[in-house]
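A quick write-up on the structure given underneath.
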Amino acid sequence: MNKGELFVQLLEKTSLIIVLFIIITKVKQFKYIFQKEDYKKEDLIVISLIFSFLGILGNYNGISVNGSLANTRIISVVSGGIMFGPIVGITSGFLAGLHRYVIDVGGITSLPCFVSSICAGILSGVLNEKIPEKYQWFYGILCGIICESITMILIYIMSKPQELAVDIIGKIYIPMIVGQIGIGILVSIIKTIKKEKEEVAAFQSQLALDIANKTLPYFRSINEESLNKICKIIKEEINSDAVSITDNERILAYVGVGEEYFKSPNIELSSMTKEAINKNTILNIQVNEEEKSLNERVKLKTGMIIPLTDTKGVVGSLKIYYIQKYDMSHSKKTLAIGLSQIISTLMEISKIEKIEEAKNKAEIKALQTQINPHFLFNALNTITSFIRIDPDKARDLIINLATYMRYNLEISDNLIEISKELEQVKSYVEIEKARFGDKLNVIYDIDQEINIKIPSLIIQPLVENAIIHGIRGNGGAGTVKIGVRKEENKIKVCVENDGITIDELIIQKVYKDDMPENKIGLYNVHLRLKLIYGSGLIIEKLEPGTKIEFYI
């Protein structure tokens, strides 16, 4: 057999491994594991067994050359190691190498192949932790070439008679080196699977944000009519057959199949809904024989019950139904969970006006207005713009927005850790930086050893004032400096910007306890500081910009 014929046969064997791997990735359970970002021990065991199996299959498909086996074992081992790390690489290298040795104990190349398989697992696993993801295919092929070269060196050193070893190397080396291109193909397949998840996530994020934008106006005044409109929007956007929102005792809104039945005032929550609410857990619905009478009425066969929560716990549930009976896909579950979280947050926002009416203290009332539709719409639009171009950035901004909004909803008269206040400040800043890009620069000068309690929402309004009235008024370009430092026996908090300089009249109004127009946040912070610490804000005009300080 000449080198050309051997190469063609090795190409066929490699193609078989690739096709088999594609079939494996089509299995839902395996595909779900490959798409994870963080792997548990059980996941790594499953992945190790898959690539060990592919390596062992490569041994069985080996082509006999003068007592040696030209095979695709190294392709499987390196692909596993380069993509999933040392555990997968070393495990599959050891098992596939051991199998190669066992099926030909005493063979002229058995021991060198066993050793080189382990080397391949170690080297590919180490490279996984060292190289950028986008170059994994290239380094995978390079690693495969190096490992096959190591195999040839070991054959030359360890195999006897040496003349036969040299003959084997001369026949198989070039075809097996060229065959390592299969590693690049396997790596590309895995990356395609992972990218598919990102594309689904991007679509779901876009869909969730669209729903949030469309339903937001109806959360400003929650009643039966507005909740029904919210359910209708969700139903149409996710193509479900029915959507319902409940509180902890009754159905608040229901739209879709079975509407005439579930809108009856005498209908209580089902036992499954009560269980989901009481346990604060997501439940999948599959209609069985015991529910046959209900199924004949409403014809619903599949669904999910997702609890809705606020800062006090479970306040109700979101229920999504389908008339077809099938297993809920991971993407549908993820979307439903995301929707429930958005609805929970928007329901909390809807409580702001009621809380404002119930509060008698002017500072609390003023602070509640910090969450406004303009900021929320701007933030949502900013996140939407990142969905397609940078899904990871979009997810980070969603987390920042959720942190910012939840913190605002939890404000109270109690003192909080300064680290929590700064976390909320950073969430707000990241959202604004996403809007203005490189034009907005924020510098933090924080002493990490400072661990004190301060009033809630005491720093964030100053940062917001610096960005809105200082930087944004200057075309969105400039720098904001946020400092928290010890000075003798006090803590100094400073917020400085190099944008538009504050008007002297505004400074005098703040000092005279005469609330200036459009400066309610600044004025509120000044009053609360005076009430708690005896002294308020120190406002200094810069050229250009403004510096605001206070001491604790």
Cα centroid of the stretch 451-467 to Cα centroid of the stretch 522-552, whole Å:
11
May I ask you to order 341-348, 34-41 by the average number of other C-beta atoms within 10 Å around their residues, highest value first?
341-348, 34-41
Step through the table entries LYS31/LYS214; LYS31/LYS393; LYS235/LYS439; LYS393/LYS492; LYS26/LYS301, compare each Cα-Cα distance with 30 Å, and write down the pairs that go over it.
LYS31/LYS214; LYS235/LYS439; LYS393/LYS492
Provide, in order from the shortest bin, the percent of all Cα-Cα pairs of the chain in each 20 Å bin, continuing until the bin that contains the maximum pair distance.
18, 33, 30, 16, 2, 0
What do you get for Rg/Rh over the stretch 432-502 if you use C-alpha atoms and the Kirkwood form of Rh?
1.02
Label point distance in nm, TYR32-SER271, each placed 7 Å from Cα along Cα→Cβ:
2.6
Number of Lys pairs in the stretch 91-202 closer than 23 Å at Cα, excluding neighbours under 8 places apart unless interchain, is 8
Can you tell me the length gained on complete extension of the stretch TYR551 to ALA477, counting 0.36 nm per residue apart and subtracting the Cα distance?
23.8 nm
I'd like the carbon and sulfur percentage of the solvent accessible area for the stretch 75-221, probe radius 1.4 Å, heavy atoms only, ligands and nucleic acids excluded.
70
Once whole DSSP H runs in the chain are found, which of them have Cα atoms spread over 15 Å or more along the helix axis and a mean Kyte-Doolittle score of at least 1.0?
3-26, 41-60, 73-84, 110-130, 136-158, 162-178
What number comes out for accessible area per residue over the chain if the probe is 1.4 Å? Units Å², please.
49
In debye, nearest 20: dipole of the chain around its Cα centre with unit charges on the Cβ of K, R (+) and D, E (-)?
840
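The values are calculated or read from the model by the stated rules, or taken from the named source; none is laboratory data. All of these numbers come straight from a predicted model, not from anything done at the bench. Glycine also receives a Cβ, built like all others from the backbone with ideal geometry; neighbour counts cover every protein chain displayed. When the accessible area is computed, the model is the full protein with side chains, heavy atoms only, and any ligands, DNA or RNA have been set aside. Shrake-Rupley method; radii C 1.70, N 1.55, O 1.52, S 1.80 Å.
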